[in-house]
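The values are calculated or read from the model by the stated rules, or taken from the named source; none is laboratory data. Not measured: the values here are computed from a predicted model. Here the Cβ is made from the backbone with ideal geometry for all residues, glycine too, and neighbour counts use every protein chain on show. Side chains included, ligands, DNA and RNA excluded: accessible areas come from the protein's heavy atoms. Shrake-Rupley method; radii C 1.70, N 1.55, O 1.52, S 1.80 Å.
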Amino acid sequence: MAELRGEVFDLGYQRYEGPREGRWRTRYAIFENGLRSMLGIGRGGRSKVLPILLVLAAIAPAAVFVIIVSVIGDDDFIPGPSDYYQIVSLVLFLFSAIMAPELLIPDRRDRVLDLYLVRPLTVTDYLVARVAAFFVIALALVYSGQIVLQIGLILTAASPVDFIQENWLDIPRFILSGALIAFFVTIIPVTVAGFMSRRAIATAFVIGLWLIATLFVGALTSGECYEESTTASGGRIQETTACEPIKGEAAKWVALLDLGNVPMHLNEMIFGEEPDQSDNPTLYEVAKLPAIVPILWYALWIVGPASLLWFRYRKVKI
Amino acid sequence: MPGLLEAKNLTKRYGSTTALESATFEVHEGVTGLLGPNGAGKSTAIKLFLGLIKPTSGSVAVMGLAPYESVTARTRLGYMPEHETLPTNVSASEFLMHMAQVSGLPPGQARTRAADILRHVGLDEERYRPIGGYSTGMRQRVKLAQALVHDPVLVLLDEPTAGLDPEGREEMLDLVNRTAKEFGISIMLSTHLMGDVERTADRVIVLEGGQVTEQGAVDQYTQETETLIIELEEGREAVLSDLIRRGMKVETKDNFLMVENAGEAEYDAIRDAIADAGARLRRLSPTRHTLTDIFRGERADG
């Protein structure tokens, strides 16, 4: 039998003669790296836990609804696509608040940004690629639950074909509305992350911003106020007391301040729904304003933070 | 022939502070040392070449392109910063592959280049470990590797031996020499250490207070002197007294004998003195100036 022999040659350093694909490759690399960072791909096991939990949390409500429908065979209590976005919006905001800092803060903290900005890309390229990465993941989260819900409803309907014929308009609606929601939950947390140096603080800031705005507007428009009182043992407790809600013209404008509902006004408009006062007084009040107002208000919350972020990074020193 | 980097009457001011004042110099193929103390304007010059800042006046060109007008000039430049700039939670392999793609290489080629470069800088075995667990020397190598991964024409190294122990410094300087001589990548080495320039550079540009005070071939500054250095294993005292007896001017320095104004006659006399004393010769060679001697002398003259 012939003896197998092998030899290893060290060719030394080889010059690169292959293609150089320019700025689109550069932008795509930053975008792809953003996706990998957020999903923990190429990182240790612990980096993957949180993204997986949050993705499951975003899909879980739809999965639960579908399972219930398939078991009891009644879909009357199942939320429509418009309502579903309201249900999962809390998870989306939470996801954004937790994951957005992961996208920008390590690059500044570890000064990897210095290495990016000496390569053939601009600050704008970097930011657009990073924001796009976050937007794509937010979009996937927004749509995934909705798709699970719709498929489940179609499959459990008595006549799937009739169900599709009756509800086909919901598809372009949830696509458009989902994109607006995803963009909203992208831009604000990413902007906050652009100004913070610690991830926990950035997350707390975003959650705080949403909570304070929601509680503040909720208290003003619902007529529920919180009062602190002292118990007999000297402890302090919070009590919900009735107070005079803001009414009329002022209520409509104050309701705009509920940050979490900024994209939901557009969601209601896209699905052509009339908000119910008892379900969501904020949406109900804003619906009384001319349609252009919530649209401009949404645009302001996109353009404003995006501009702040851009100016912030223009000032980054290497 | 135009230089890879060109600075013409380059001035950069930050408010009332002048970082660079009418600096004119060129960086050609090979290794060029940009030498100067802290605050001399070295980092400002690097930022100008990278197009991160605009000059106040004068011009700067990278391979004929104005770097602050287009990022294209950076496609064939590499940059190794002085400070820490590495992510901690990814492996060197993953990081280098990413940086190659950020420089425009397609994913397949980026993967191959990352593996090749890590092997060349001596991180073949550790390339799948997270960078956060690397030693200072290993991190410096990753920083160099990311500057080389896209095969630049020229790489700007900012204090590459900063923070390294003597052994690490030697290894880094060897790598710098290999990068220039084996890889064929030109280098501008910014440093405040003359020894680093002497060890690696063909040319030196000296910056002080934002102005170019010296520039030229390193050999020009470190050429041979007329002083001979003699190192003997034994018989040193006998050779010393013989040389003095022959009327030669000899000094002792550490364990060496230093013979000044050595010509042919002196070489013959040294040979005879060593033979007569039966001494064992280890080294006989002319000494060279060092950059340190020159700048120390100039400052003393000044």
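Odds and ends about this structure:
- Those residues of segment B:117-128 which are open to solvent by 30 Å² or more (accessible area, probe 1.4 Å) and assigned to a helix (DSSP H, G or I), in sequence order: B:Arg119
- Candidate set: segment B:53-65, residues that are touching a residue at least 12 places away in the same chain (Cβ under 8 Å) and within 14 Å of chain A (Cβ to nearest Cβ); chosen: the one surrounded by the fewest Cβ atoms within 10 Å (Cβ to Cβ): B:Lys54
- When residues of segment B:134-151 are limited to those that are part of a helix (DSSP H, G or I) and within 13 Å of chain A (Cβ to nearest Cβ), the one most open to solvent (accessible area, probe 1.4 Å): B:Arg139
- Condition check for B:Ile131 on (1) in contact with a strand residue (DSSP E or B) (Cβ under 8 Å, 6 or more places away or on another chain); (2) open to solvent by 10 Å² or more (accessible area, probe 1.4 Å); (3) without any contact (Cβ under 8 Å) to a residue 60 or more places away in the chain: one failure, at (2).
- Residues considered: B:Leu291, B:Leu243. Of these, the only one that is out of contact with any Pro (no Cβ under 7 Å at 6 or more places or on another chain), at pLDDT below 85 and open to solvent by less than 30 Å² (accessible area, probe 1.4 Å) is B:Leu291.
- Test: B:Glu198 is on the phi < 0 side of the Ramachandran plot and either among the polar types (S, T, N, Q) or assigned by TED's automatic domain parsing to the domain that holds B:Tyr14 (or both): yes
- Hits in segment B:196-237 - residues which are out of contact with any strand residue (DSSP E or B) (no Cβ under 6 Å at 6 or more places or on another chain) and among the acidic types (Asp, Glu): B:Asp196, B:Glu198, B:Glu208, B:Asp219, B:Glu226, B:Glu237
- Hits in segment B:152-169 (condition: closer than 22 Å to B:Tyr221 by Cβ and either in contact with an Asp or Glu (Cβ under 7 Å, 6 or more places away or on another chain) or surrounded by fewer than 21 Cβ atoms within 10 Å (Cβ to Cβ) (or both)): B:Glu159, B:Thr161, B:Arg169
- Only one entry of B:Glu94, B:Glu82, B:Glu69 meets the criterion of being among the acidic types (Asp, Glu), closer than 19 Å to A:Lys317 by Cα and in contact with a helix residue (DSSP H, G or I) (Cβ under 9 Å, 6 or more places away or on another chain), and that entry is B:Glu82.
- Residues satisfying the stated conditions in segment A:158-199, i.e. open to solvent by less than 20 Å² (accessible area, probe 1.4 Å) and either of a type in the set (Gly, Ala, Ser) or touching a strand residue (DSSP E or B) at 6+ places or on another chain (Cβ under 7 Å) (or both): A:Ser177, A:Gly178, A:Ala182, A:Ala193, A:Gly194
- Residues in segment B:82-111 that are over 17 Å from B:Val153 (Cα atoms), within 9 Å of another protein chain (Cβ to nearest Cβ) and either touching an Asp or Glu at 6+ places or on another chain (Cβ under 7 Å) or part of a loop (DSSP other than H, G, I, E, B) (or both): B:His83, B:Glu84, B:Thr85, B:Leu86, B:Pro87, B:Thr88, B:Asn89, B:Val90, B:Pro106.
- Annotation: of all residues in segment A:241-298 being farther than 17 Å from A:Tyr85 by Cα and acidic (Asp, Glu), the one that is modelled with the lowest pLDDT is A:Glu244.
- Taken together, the criteria place A:Leu139 among residues that are more than 16 Å from B:Tyr79 (Cβ to Cβ), assigned to a helix (DSSP H, G or I) and either at pLDDT below 95 or open to solvent by 20 Å² or more (accessible area, probe 1.4 Å) (or both).
- Residues being over 24 Å from A:Pro101 (Cα atoms), within 11 Å of chain B (Cβ to nearest Cβ) and loosely packed, with under 11 Cβ neighbours inside 10 Å - total across segment A:1-58: 6
- Checklist (1) among the small types (Gly, Ala, Ser); (2) at pLDDT 95 or above; (3) touching a Ser or Thr at 6+ places or on another chain (Cβ under 8 Å) applied to B:Gly132, failing item: (2)
- Residue, surrounded by the most Cβ atoms within 10 Å (Cβ to Cβ), within segment B:1-39, restricted to residues that are part of a loop (DSSP other than H, G, I, E, B) and in contact with a helix residue (DSSP H, G or I) (Cβ under 7 Å, 6 or more places away or on another chain): B:Gly36
- A count restricted to segment A:85-113 and to residues that are open to solvent by less than 10 Å² (accessible area, probe 1.4 Å) and either within 11 Å of chain B (Cβ to nearest Cβ) or charged (D, E, K, R) (or both) stands at 2.
- Candidates A:Leu127, A:Leu121: the one that is in contact (Cβ under 8 Å) with a residue 40 or more places away in the chain, away from chain B (no Cβ under 14 Å), under 30 Å from B:Val153 (Cβ atoms) and of a type outside the set (Gly, Ala, Ser) is A:Leu127.
- If you go through segment A:48-86 and keep only what is more than 26 Å from A:Asn167 (Cα to Cα) and more than 19 Å from the chain's Cα centre (by Cα), you end up with nothing.
- Some residue of segment A:170-180 being more than 18 Å from the chain's Cα centre (by Cα), under 17 Å from A:Phe65 (Cβ atoms) and either away from every other protein chain (no Cβ under 14 Å) or among the small types (Gly, Ala, Ser) (or both): yes
- Selection count, segment B:69-81, where residues are touching a Pro at 6+ places or on another chain (Cβ under 7 Å), within 7 Å of chain A (Cβ to nearest Cβ) and touching a residue at least 24 places away in the same chain (Cβ under 8 Å): 2
- Scan of segment B:278-288 for residues that are closer than 16 Å to B:Met248 by Cβ and either in a loop (DSSP other than H, G, I, E, B) or at pLDDT 90 or above (or both), ordered by number: B:Ala279
- Looking across segment B:183-200 at every residue that is among the aliphatic types (A, V, I, L, M) and open to solvent by 10 Å² or more (accessible area, probe 1.4 Å), the one that is nearest to the other protein chains (Cβ to nearest Cβ) is identified as B:Leu193.
- Residue check, A:Ser47 small (Gly, Ala, Ser) and under 17 Å from A:Leu141 (Cβ atoms): no
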